[in-house]
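Everything below concerns the one structure shown next.
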Amino acid sequence: MATLFEADFNAADEPLSADAIVARLAGCDVLVSSITDRLDADLIARLPPTVKLVAQFGNGFDNIDVEAAHAAGLTVTNTPSVLTEDTADMAVMLMLALPRRLVEGAIVLPRDGQWPGWSPTWMLGRRLRGKALGIVGMGRIGSAVAARARSFGLNIHYFSRNRRPPVEEALGATYWPTLDGMVPEVDIVSLHTPLNRATHHILSAERLARMKQDAFVVNVSRPELLDEPALIARIEAGHLSGAALDVFENRHGIDPRLLQLARDNRVVLTAHMASATLEARLEMGETVIVNIRTFIDGAPPPHRVLPENRTHVGR
Ligand code: 8YV
């Protein structure tokens, strides 16, 4: 970016305040944002008139009021595809980590120094093969998770806005027209849908209550897709076996009950790192540059985010 453009970077690697974003953008044409920059209608209204493009460094764009941006004449882009495989890897890693007690098994040795040694009942977990996985959102990432999960012997079920016959044919996946129908039938629910008004708390308290008692939840997408307090309450009460979460509500600090469940090995928590590979970050940066360059050259950038239904076009 520094080579191609006159670029001003936030080198502190910490989110800027709204005032700082507005001040730093004076005279700029493009804002490169990430998920930690909240670009709501108020902030969009305050952007200098020179700014014409918001090039999001990320797949998700729920931090941006896309309708307000478009109404203000801004183009919005994102970086899909390049983080699909890494994110899918993480989802499957979490899917394995919880029932196979990976975190517990990895820390028991350094913590105690000593261990009782192998015995037939030591560290018993639960087998993944043969279980039913319910994927919410069979888009790029959902499909990549499904393909991996099938090779681990999971039976694939899915609920999605669009039916995907190729996934059904290739993986023997079962499509559910309603999420209410799917949740009581599966052993794992994994969330792979973008966050928007329609998907906020899609895994609601009512739906969590419909899940099997020994089922668990995986979330590498956005915390607001599920009712976190309801999830915690159900695990605490033993009505749900657990959760493996790469994202959780942390605006006021992570819920201490969630941290306690993690200490009790009922929940696995990782630190929003599903796409955190060097390769993905570099390709995300390259995709941002392609979007900017194309826009500046006067053509529609390849990864525009459109306001209707908050869907995007591109690869
Ligand atoms: C990114 C993500 O790290 O791209 C996304 O939607 O959630 C993350 O994997 C983050 O968005 C970078 O802005």
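Cβ-Cβ distances below 6 Å connect the following pairs, each with a first residue in segment 58-74 that is at positive phi, a second residue that is within 16 Å of the ligand (Cβ to nearest atom) and not β-branched (V, I, T), and a separation of six or more residues or different chains: G58/S34. Please go through segment 278-293 and give me each residue that is near the ligand (Cβ under 10 Å from one of its atoms) and not hydrophobic (A, V, I, L, M, F, W, C), ordered by number. The answer is R281, and nothing else.
Restricting attention to segment 215-240 and to residues that are touching a residue at least 40 places away in the same chain (Cβ under 8 Å) and in contact with an Asp or Glu (Cβ under 7 Å, 6 or more places away or on another chain), the residue that is farthest from A144 (Cα to Cα) turns out to be R222. Residue count for segment 246-277, restricted to those that are modelled with pLDDT of 95 or more, more than 13 Å from the ligand (Cβ to nearest atom) and out of contact with any helix residue (DSSP H, G or I) (no Cβ under 7 Å at 6 or more places or on another chain): 7.
Does segment 26-44 hold any residues that are more than 16 Å from the ligand (Cβ to nearest atom), in a loop (DSSP other than H, G, I, E, B) and buried (at least 18 other Cβ atoms within 10 Å of the Cβ), and which are they? Across segment 26-44, the qualifying residue is only C28.
Yes/no per residue for (1) crowded, with 16+ Cβ neighbours inside 10 Å; (2) under 30 Å from P307 (Cα atoms); (3) at pLDDT below 95:
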residue	(1), (2), (3)
L191	yes, yes, no
L195	yes, yes, no
A205	no, yes, no
L226	yes, yes, no
E236	no, no, no
S241	yes, no, no
A244	yes, no, no
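Residues in segment 32-55 include at least one that is over 23 Å from the mean Cα position of the chain (by Cα) and among the hydroxyl-bearing types (S, T, Y).
The values are calculated or read from the model by the stated rules, or taken from the named source; none is laboratory data. Because the structure is predicted, anything quoted here is derived from the model rather than measured. As a convention, Cβ positions derive from the backbone with ideal geometry for all residues, glycine included, and neighbour counts pool all protein chains shown.
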